[in-house]
Protein chains: 2
Amino acid sequence: MLIGEYIHTIDEKNRISMPAKFRKELGKKIIITPGLEKCLFIFTLKEWEKVSKKLSNSNTELSFLKADQRNFNRYMFGRAAEVEIDSIGRILIPDFLKDRIGLKNTAALIGVEDRVEVWNDKVWSQSQEAISKQAGELAEKLGNS
Amino acid sequence: MLIGEYIHTIDEKNRISMPAKFRKELGKKIIITPGLEKCLFIFTLKEWEKVSKKLSNSNTELSFLKADQRNFNRYMFGRAAEVEIDSIGRILIPDFLKDRIGLKNTAALIGVEDRVEVWNDKVWSQSQEAISKQAGELAEKLGNS
DNA sequence: AACTAAGTGGGAAAAAGTGGGAAATCTGTG
DNA sequence: CACAGATTTCCCACTTTTTCCCACTTAGTT
């Protein structure tokens, strides 16, 4: 399971090292896609298979949302990239994804169960502050559903 | 069952020793997460499995499609850490968790049935005073529900 | 007072993260 | 098609952080 928060730097060559604790689970190749909210999602190949299968199959359940579905899939698939992890655990983030979330020198790498999220570190800490305040509320809400 | 209150110091390397009475039950590895209210939760791996299963409904659907779910998972998983207990019973508290609850030199370790809570010792004693005053009231409330 | 167990502190080795050079590849131009 | 310049890839090296192990101190027990 991928958990925890790590702040790493992005060097001039656009490289960023994956936290050592994530490497075993991530394997050698990963899929990086634009995420929801201002972040990127990183999936293992295995997880990506699951995700893409579910996204494409959900037509059956969500047929009334077809146009939305198409657009969402364009969003997720169209900008996804397969990226290799180098011998010492670093990846290259494509420029178009970097720009999308305003990455500059440092990024926050967040393990969220079955994916890694990449955030501008400042945006991350701000959004966490906001979320921590709501956490109790959210917990109750999810607890009831 | 984990019970009791212990005040321990946190050294310059961010280490804190688990009370000897907790060690057998905690095992070799634990999960430490932000708690609700201003404390951290420490779970055994077994307990964490239960907790995380309840938190994510990733078996049934994609965990990232609902905004509330995303945010709560970021909070619970993103700021969790799997931590080993060293040969003499100490753990390392990640900085981002330490900061969150304002830990400095000493912490209160509280056994609460199936988890351990970590508090800033001063915050703990204050909140205890407050709670003891309400305890009777709280009991009635819970008895009625 | 000696012994044991629990908690605290610190040094040395190992690992993780960061930076940078050189070879290889790509791009565009004459 | 050859070449220069730029970009990418691969590898090595440095620095910082983490991990592992050992030793000291305190408190409670016999």
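Of note:
- 222 nm mean residue ellipticity, helices alone, for chain B (DSSP H n ≥ 4; -39,500 (n - 2.57); rounded to 500): -13000 deg cm²/dmol
- For B:Lys66, the distances from its label point to the matching points in the remaining copies are 2.8 nm, ordered from shortest, with each point set 7 Å beyond Cα toward Cβ.
- When the alpha carbon coordinates of chain A are projected onto the principal axes, the ranges are 46, 35, 28 Å, largest first.
- Under the Debye formula (equal points on every Cα, no solvent term), log10 I(q)/I(0) of the protein assembly as shown at q = 0.16 Å⁻¹: -1.34
- Inter-label distance, B:Glu25 to B:Thr106: 2.4 nm, where each label sits 7 Å from its Cα along the C-beta direction.
- Label 7 Å beyond Cα on the Cβ vector: B:Asp99 copy-to-copy distances, nm: 3.0
- With a simple spin-label model that places each label point 7 Å from the Cα along the Cα-to-Cβ direction, the separation between A:Glu49 and A:Asn73 comes to 1.9 nm.
- Centre separation in Å (Cα based) which lies between the range B:4-37 and the range A:74-89: 38 Å
- Size estimate for the range B:66-145 follows the Kirkwood approach: the inverse of mean 1/r over distinct Cα pairs works out to 15.5 Å.
- The B:Leu36 and A:Asp86 beta-carbon pair, evaluated with R₀ = 41 Å, returns a calculated FRET efficiency of approximately 0.55.
- Calculated label separations, A:Gln126, copies of the chain, 7 Å along the beta-carbon direction, nm: 2.8
Readers should treat all values here as calculations from the given coordinates under stated rules, not as data from a laboratory. Not measured: the values here are computed from a predicted model. Note that we place each Cβ from the backbone using ideal geometry, even for glycine, and neighbour counts take in every protein chain shown.
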